[in-house]
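S.K.: Quick one: structure below, then a few questions.
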Amino acid sequence: MRYSFSITRRQHAHIPLILRAVGIDHLQDPILRPKGFPVWQIFYGVSGEGEFFADGARFVLRPGQIALLPPHASHGYRSLGGDWVLHYLGFEGLLCPRMMAVLALSEAGVYEPADAPGFLAHLRA
């Protein structure tokens, strides 16, 4: 299921956080975006496994993990076999760069959820 949201240019200048896209239990097709996408994207692996390529690095997203793609980062992703189901958010706004910096999530990558020691260590760094 996909949802998209749009706002006017005037609204855009005053909104600190803008939700642009939401996908719930989305069966993910292969994507290749050499010039990136204009918003932040966070993906949550529901089932299956997928491969992300972002700014020259390769990551594997498994169920229970999240992947982050900053705006305009060259990227692509695809299933590693069979169905690959994701939840995702696409967002932007004046608050995003600061919010992501505070969370230490400004680089493309795959992260463990908050209850995993690796993710917590990343946030504390």
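S.K.: Counting other Cβ atoms within 10 Å, keep those with at most 15, restrict to DSSP loop, and tell me which trypsin sites (Lys or Arg not before Pro) in segment 13-89 are left.
M.R.: K35
S.K.: Next up: So which chymotrypsin sites (Phe, Trp or Tyr not before Pro) in segment 7-60 pass both tests, a DSSP loop state and at most 16 other Cβ atoms within 10 Å of the Cβ?
M.R.: Passing both the DSSP loop test and the Cβ count: no residue.
S.K.: From the backbone phi of segment 81-89, what are the Karplus-calculated ³J(HN,Hα) couplings (6.51 cos²θ - 1.76 cosθ + 1.60, θ = phi - 60°) in whole Hz, Gly and Pro given as x?
M.R.: Working through the residues one at a time gives x, x, 6, 10, 10, 10, 9, 8, 10 Hz.
Where a number appears in this text, it was derived from the coordinates with a stated rule and is not lab data. Computed from a prediction, not measured in an experiment: that's the story for all the values here. Virtual Cβ from ideal backbone geometry, glycine too; neighbours counted across all protein chains shown.
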